[in-house]
Amino acid sequence: MTRGLIFLLPSLLLTFVLKGQLPVGSWSDHFRYNTALSVAVGNDEIYASTGSAILVYNKKYNELKKLSKVNGLSGTGISSIAWSTETGTLLIAYKSTDLDLVTKNSVFNIPDIRNKYIPEKKRINRIRAFGKYFYLATGFGIVVVDPVRKEIRDTWNPGSGEIYDIAVSGNSIVAATEGGLWSADLSTQGLSWPGNWTLVSGLPDPYSKCTLVIYSGTGLYFNVPGSTGDVIYVIRGSTAVFSSAVGRINHSFDAAPGGFLVSSGKSIDFYRDNGILAKSITTYGWGDPAASQCTADGDDLWIADTKYGLVLCRNLNEFSSLTLTGPASDNVAGIASQNGIIAICAGGNDESYNSLGRPLEISVFSDNHFTNITSPAGHDAMRVCFDKADPYHFFVSTWGDGLYEYRNYNLIRHFDETNSPLVPGPDPGDGIRISGLAMDKNRNLIIAQSSRRAGISILRPDGSWIVNAFTINTPLAGDIISTGSGQKWMILPAGGAFFVADDNKTPDIFSDDKSKPVIIKDNEGNIINNAFSVAEDMDGNVWVGTDKGPVIYPAGRSVFDDNATGFRIKVPRDDGSGLADYLLGTETITNISVDGANRKWLGTRSSGIYLLSADGSVIIKNYNERNSPLPSDSISAVAVDNLTGEVWAGTSKGIVSVRELATSGSGNYTRVYAFPNPVREDYRGKLTITGLMADTHVKITDVSGNLVHETISEGGQAEWDLTTFNGERVSTGVYIIFCANPDGSASAVTKILVVGN
């Protein structure tokens, strides 16, 4: 079974991308493109896998573009790629064992391996293209793929054990396996039977694990991992050691004109057919290699480098790195947004709340470009908190390395136990563990620190501290918010629910403070211990994400009351039973973000993202792996850019965003415009009117004054499907858009041109 998907973007959409105005409903990927794991040379283009997507370089036009799940691929988690010159096809294999055949303008998915139960090691290690077929080295044999018929042709079983690589010369095929080298004649029928394969003799140990193999000249070269490093052997009449080095791990053998290439991480070695070393590349001049694969294209070499992405080598000594803007990592612990600027933290902790030890990486997206802040000295960045007065001034919490302060991407201060009241955790190696950060109306930074006794400390704008403003008898502190009324709501991980504190708007006077740990009790008396996220909506209601869905604490009700309860929304069943279920009552809500229309975006542990209406009573959308470009249903972070309406999602497999309608309402109508404008005859999306005040009344007429559409904005934007009240697309002409705020005290008018069919 196959399915075809068009991945080329329409030219109209490309125009929007270039102008930074994606139509509502459009997705963008934000994967890391400064790393490459494998590379394939096509007829006109070079393909480099980043693991999450494909970087495509057009040699003729010297252009870079990207190919991902957003524009047609079946998934992320790419394990291998290969190009068939004979059929003009790129084959992409995923860790899921899904296969995509990519031709000039389409993607065809072959799900057969993924859908089949295979008890052995179900993975694809390498793809080789020989003649008109692809040969896949897998954990359970060799899979032969016919790209013309778009189907799996056969499965072969050489020897026993996992297959790591394949080599073909004439009619001879050799498989490098975990139990030696096995050969066969391609003209032999029934290669699915192991008895038709022959163990290659002459190895020091015939059943040695062999991970790489290639024919070159009159020799067969193969790689055997050893206790002190990999050893390359050659069979040329007899078997001999060809190359070895202590600590060297060889990643790939690839053909080159007159010889072959060995990629070994810190070096790329070019050997002639006679086995003579012609060139060893150990530096690019501007950096040292971290090569996972290198392949030849005439006299040029293309290197997949894990540190520098796709690297072009000319004349064996001229190097250039080809990358697209992207974050420093595909890992996501937190995403923050302010005034069109997005900041992503790539740290984290494990289920036991131990540090992951990831290097400090913060990626800031502004003006369609990423600026990446990295430091090998720090680790596990968790959250970013923007200064309310200056989005280029922000703080970063870490799990074990204290607090960092940046201005214009430059480090100003690093707060630890030597220069602040922040203290390490109780156990050796804990370090200063901070997750939650928030900023109140007075620009005080609220810090939730885990220690022997978790607590809240405050860093004032003048640099002074309020130490242990609140403490609680538990070691872990999670995310924190500062509400409009000045209360602090802090998640207590590991079954502690949450902690709420009120300093009565006098943070330096403790005598009038109130605080309380809260185990959640809903309006029907159910107890919920596990909270994971918290947010305040535009009406002052506090939403807490739990492992039993969202719980709402309405504004105006004191959580300090002894009988205070949270409210859980019930949704009637559509089965005539008269019964109702709790809204998302079986979901773990990992993140909550509120958009400009007061709608709630809920990230979940295993079901993607839900969009709820402002009051939470209606599930408007559920984006997941199956119906959207989300790379994973496991959501680690969600943030709404209220300037553009774009919703950012951090998943277990990388970052994507979708342009949505609701933005924060403007204070006036000085920047009202509509896009696309003009609307071309082949455009089938919706028109977006932006720069509006909240709840703007929008009326659209033709030049004769006939009303064709009216609506109310979602926050600062409204949309029109370009049809009249009777559902027909409007004809060619100029249309006038009248905008007014609810009381009519402010208004604006703009025009658009629609070109009919």
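The values are calculated or read from the model by the stated rules, or taken from the named source; none is laboratory data. Bear in mind the structure is a predicted one, so any value in this text is a computation, not a measurement. Quick reminder, even Gly has a Cβ in these numbers, built from the backbone with ideal geometry, and neighbours come from all protein chains shown.
Structure above, values below:
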read-out	value
Qualifying residue in region 71-79 (condition: buried (at least 18 other Cβ atoms within 10 Å of the Cβ) and in a strand (DSSP E or B))	yes
Region 707-721, subset surrounded by 20 or more Cβ atoms within 10 Å (Cβ to Cβ) and part of a loop (DSSP other than H, G, I, E, B), residue modelled with the lowest pLDDT	716
Residue that is farthest from the chain's Cα centre (by Cα) [pool: residues in region 513-525 that are of a type outside the set (Asp, Glu) and assigned to a loop (DSSP other than H, G, I, E, B)]	525
For residue 571: the one exception among (1) crowded, with 19+ Cβ neighbours inside 10 Å; (2) among the aliphatic types (A, V, I, L, M); (3) part of a strand (DSSP E or B)	(1)
Per-region count, region 375-392, residues of a type in the set (A, V, I, L, M, F, W, C), surrounded by fewer than 17 Cβ atoms within 10 Å (Cβ to Cβ) and assigned to a strand (DSSP E or B)	1
Residue check for residue 466: within 19 Å of residue 565 (Cβ to Cβ) and β-branched (Val, Ile, Thr)	no
Failed item, numbered, when residue 581 is tested on (1) farther than 29 Å from residue 514 by Cα; (2) in a strand (DSSP E or B); (3) touching a residue at least 12 places away in the same chain (Cβ under 8 Å)	(3)
Answer from 666, 704, 745 - the residue that is buried (at least 17 other Cβ atoms within 10 Å of the Cβ) and either part of a loop (DSSP other than H, G, I, E, B) or out of contact with any Pro (no Cβ under 7 Å at 6 or more places or on another chain) (or both)	666
Strands (runs of 3 or more DSSP E) (entirely within region 145-214) containing at least 1 residues that are over 38 Å from the mean Cα position of the chain (by Cα)	163-169, 172-177, 180-185
Matching entry among 400, 431, 463 (being farther than 21 Å from residue 517 by Cα and in contact (Cβ under 8 Å) with a residue 60 or more places away in the chain)	431
Filter pass, residue 453 being in contact with a Ser or Thr (Cβ under 7 Å, 6 or more places away or on another chain) and closer than 25 Å to residue 330 by Cβ	no
Pair list, Cβ under 7 Å, 6 or more apart: region 665-690 residue in contact (Cβ under 8 Å) with a residue 24 or more places away in the chain, other residue part of a strand (DSSP E or B) and of a type in the set (Phe, Trp, Tyr)	686/720; 687/720; 688/675; 690/673
Residues that are under 13 Å from residue 88 (Cα atoms), touching a residue at least 24 places away in the same chain (Cβ under 8 Å) and among the polar types (S, T, N, Q), drawn from region 98-145	105, 106
Candidates 108, 134 - the one that is of a type in the set (Phe, Trp, Tyr), surrounded by fewer than 23 Cβ atoms within 10 Å (Cβ to Cβ) and in a strand (DSSP E or B)	108
Odd one out for residue 165 among (1) within 28 Å of residue 291 (Cβ to Cβ); (2) without any contact (Cβ under 8 Å) to a residue 60 or more places away in the chain; (3) out of contact with any Gly (no Cβ under 7 Å at 6 or more places or on another chain); (4) not aliphatic (A, V, I, L, M)	(2)
Residues (touching a strand residue (DSSP E or B) at 6+ places or on another chain (Cβ under 6 Å) and of a type in the set (Lys, Arg)) located in region 73-114	95
From 630, 643, 661, residue being surrounded by fewer than 21 Cβ atoms within 10 Å (Cβ to Cβ) and not aromatic (Phe, Trp, Tyr)	643
